[in-house]
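Where a number appears in this text, it was derived from the coordinates with a stated rule and is not lab data. Since the structure is predicted, the reported quantities are computational estimates derived from the model, not experimental observations. Methodologically, a virtual Cβ is constructed for each residue, glycine included, from the backbone with ideal geometry; neighbour enumeration extends over all protein chains shown.
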Amino acid sequence: MTFPILRTSLISAAMATLASTVSADTISIAIGHQSMCTDTYTAGIVVKELGLLEKNLPHDGKYADADYDVSWADYSSGGPITNQMMANKLNFGVMGDYPLIVNGAKFQETDSLRTLYVAGTGYNVKGSGNSIVVPVDSDIYSIEQLTGKEVSTPVGSAAWGMLLKAMQDNNISTADYVLKNQSPAVGAANIAAGKIDAHSDFCPWSEIMEFRGTGRKIYDGSETGVPYLHGVVVRQDFAEEYPEVVEAFIKAIYQAGEWIRADPMKAVTEMEGWTGVEKEVLYLYFSKGGHLTLDPTIKPAWVDALKFDHEVLVKEKAIPPLDFDAWITEDYAKAAYADLGVDYEAEKAVTVDPKENNAGLPMEIWHARDGVSSYPDMPAFLTALAEMTSTGAKLNASYVYDSETGLKLFGKTAFWVKAGDAYTTFLRKGDAESYASANGGALITFEDAIAEFTAKG
Amino acid sequence: MRAALSIITRQVRRSWPRMLLWGLGFAVLSQVFMLLALVARFGALPNYVTFYDWIGNVVRIITSTPSWADIPPIIAEEWLIEVGRMNYDYGTGISVWSLNVIPSRLLVLFGLGVLIGLAASLARRESCSAPERRGATLATGAGAVLVAMTNATMSWVVCCATPTWVVGLSMMGLGVSTSLALERLGPVFSYLGFALLIATILGLALRKRARQRLYRETTHA
């Protein structure tokens, strides 16, 4: 059904309204991002604050006379970004895997509107970023102990999907625990107050709780083996009208990743100022060996992961179908990479697995004044910590690796095992105990490990 | 049925200002009720309010959506006011809960209030017996609860969270599996609520018609 006269009148009215503020050659680019979701930063806050999109926007050909009006809107989750995109108040949306799927499916449910999934921001191939946390003083150390307990999660998020799979993998049926729907901030507050047995959340909430000393991770998303990824969607009508702008955005994402990799400590310090999330937490994600691999390419494994996530959402929340072939396109990313002189296919073929990639990486100490220093082995690391603590130096954080998964951990939250003269660190207490009994070692505290080197000194 | 409709029409003509007041009152009070429920549930007052350019946004939606069929559902989700509680302990602040005043839902609640007002005026003391009034009150209340419940616009920050009715129930403590099971039934509950209300109104009109006829017959006798 069409009403040409009414429609023309409305368009005229709208144009008249817009004409007062925007010239005819102005291209408005509105982006919805999430400053409380670390994995979106390379398409969100970093691009915004460094002005990377503006630096890449085209100014030749049909864009020769164009002015750009770039605006950014910060959201706490992906859902509202999708709504704003449907209303055409946002052209681009940056969000995690589950909200991305909802975005694509909701658009495809309409007659005339579509979005395109044009680039990733980053990933963890095994699923780190989502995790289950318990209050720091809890006597729960494994997911099996959650039977009969109350567990909260933001239902509909990637953390919720991870929780469902984790419970299934461990043969814990939904009847065996009480699942509560809870927002991250309330979940974190409940963990701090010991009001809930466990809370499952997405990046970087678990690490914030660990860093603040209120929560302890008992299960990492990497145990599910389902990749955790974030990406960028754009309205198809916008992408078709301004393909070079979409390419400029993808170039900006790539450059944001380069900027972070060049100096992670400086980058996370800047990002703390922009987002309010502690730099030490961000370092866990963005440093070498961190949880997040910055990579805009769209890999076949990501498509499979998104299809898996879609099945979960269809089963649990009855979301509409999603034609992945129509939704996902690499065309813009390939064009952007070509412009940058980067081999898209070569980067697409590389997948970083923390267990392999992080083997042999040095431990790190973040001294409040001197910055981050690296140590190739445990004795050197613990000696340095002992020296620094004995002088009363302020340390922001220290970082070690889980010997089972290769995950980067805070030194203070890891489980430490001393076997002979060797020190090994673990994410999970169970793994630490198994290792200790198999190697004639014993669990010790982080403080004890440092103290041994203080005494030696 | 024609007689019942004629009585309803007469009643509407006679008491439309009162019905409008019912509609306005119900739409406004439902928002206040939801806000109070949120404050009670989370034990904290709201600390932010955002006003949206609803008209401008509607114009934008109409001009940028090619299919007319897509326009109403998108406009239906447009917010006018967002009021909620921001937690500044994390990042630059994250909304813990919010109440979204959405004109499309206000319209539904206004319609609901009008129907309740109509039912109330039909069930007034002089035209209805006490048991009939009790039955009508019960049916009207049930219909109102069903419609109001499915038009709740409370939301919180969980991924994919939009102010759907079931999110509101979830925030009030409804279990996850129950809320997920109920989510799909929202439209059914809403239609059921309106059907119950309309049936009550028709029933009251028919009773009134019967009483009028009986009164005339008694008087003539």
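Just a few scattered comments:
- Rounded to the nearest Hz, the phi-derived 3J(HN,Hα) couplings of the range B:46-58 under the Karplus curve 6.51 cos²θ - 1.76 cosθ + 1.60 (θ = phi - 60°) are x, 10, 8, 9, 10, 9, 10, 7, 4, 5, x, 5, 5, where x marks glycine and proline.
- DSSP bridge pairs, the protein assembly as shown: antiparallel proportion in percent, nearest 5: 75 percent
- Percent of beta bridges antiparallel (DSSP, the range A:131-224, rounded to nearest 5): 55 percent
- Sparse-neighbour loop sites [trypsin sites (Lys or Arg not before Pro); the range B:17-125; at most 16 other C-beta within 10 Å; DSSP]: B:R124
- In this structure, the amide hydrogen of A:S28, modeled 1.01 Å from its nitrogen in the peptide plane, lies closer than 5 angstrom to those of A:D69, counting only residues at least 5 positions away or on a different chain.
- Residues whose amide H falls under 5 Å from that of A:I444, counting only those 5 or more places apart or on a different chain, are A:W416, A:V417, A:K418, with hydrogens built in the peptide plane.
- Ignoring aspartates and glutamates fewer than eight residues from B:K208 along the same chain, the ones with Cα atoms less than 17 angstrom from its Cα are B:E126, B:E132, B:E217.
- Simple label model, 7 Å out from Cα along Cβ direction - A:A368 to A:E356, nm: 4.2 nm
- In this rough spin-label picture, where each label sits 7 Å from Cα along the Cβ direction, the B:A69-B:F189 distance is 2.8 nm.
- Three principal axis lengths of chain B [C-alpha, angstrom, descending]: 82, 42, 31
- Helix A:378-390 axis versus longest C-alpha principal axis of chain A: approximately 90°, rounded to the nearest ten.
- Ascending count of other beta-carbon atoms within 10 Å, so fewest first, for A:V342, A:V233, A:V134, B:V176: A:V342, B:V176, A:V134, A:V233
- Counted by neighbouring Cβ atoms within 10 Å, the residues A:D197, A:D69 run from fewest to most as A:D69, A:D197.
- Under the Karplus curve 6.51 cos²θ - 1.76 cosθ + 1.60, θ = phi - 60°, whole-Hz ³J(HN,Hα) for the range A:26-32, x wherever Gly or Pro sits: 8, 9, 8, 10, 10, 10, x
- Label-point separation in nm, A:D60 to A:Q145, each point 7 Å along Cα→Cβ: 6.3 nm
- Neighbour-count ranking [beta-carbon atoms within 10 angstrom, fewest first] of A:D60, A:D343: A:D60, A:D343
- Helix A:446-456 axis, angle to chain A major axis (alpha carbon atoms, nearest 10°): 50 degrees
- The protein assembly as shown - Rg (one decimal) and Dmax (whole number), Cα, Å: 29.2, 116
- Annotation: for a label point projected 7 angstrom from Cα along Cα→Cβ of A:D304, residues of the range A:221-259 with backbone N closer than 13 Å are A:225-227.
- Mean partner shielding of peptide B:64-76, defined as the number of other chain Cβ atoms within 10 Å of each residue Cβ, is 5.
- Candidate cross-link partners of A:K408 among the aspartates and glutamates, defined by an alpha-carbon separation under 17 Å and a same-chain spacing of 8 or more, comprise A:D39, A:E207, A:E210, A:D220, A:E223, A:E278, A:E280, A:D353, A:E356, A:E364, A:D377, A:D431.
- Under 5 Å from the amide H of A:A397 lie the amide H atoms of A:W366, each residue being 5 or more positions distant or on a separate chain, with H modelled from the backbone and absent for Pro and chain starts.
- Rounded to the nearest Hz, the phi-derived 3J(HN,Hα) couplings of the range A:336-353 under the Karplus curve 6.51 cos²θ - 1.76 cosθ + 1.60 (θ = phi - 60°) are 5, 4, 4, 4, 7, x, 10, 7, 4, 4, 5, 5, 5, 6, 8, 10, 8, 9, where x marks glycine and proline.
- Using a cut-off of 26 Å between Cα atoms, the listed pairs A:K149/A:K217; A:K165/A:K217; A:K279/A:K307; A:K165/A:K299 include A:K279/A:K307 as exceeding that distance.
- All lysines inside 29 Å of A:K62 as judged from Cα atoms, apart from same-chain residues fewer than 8 positions distant: A:K48, A:K89, A:K251, A:K334
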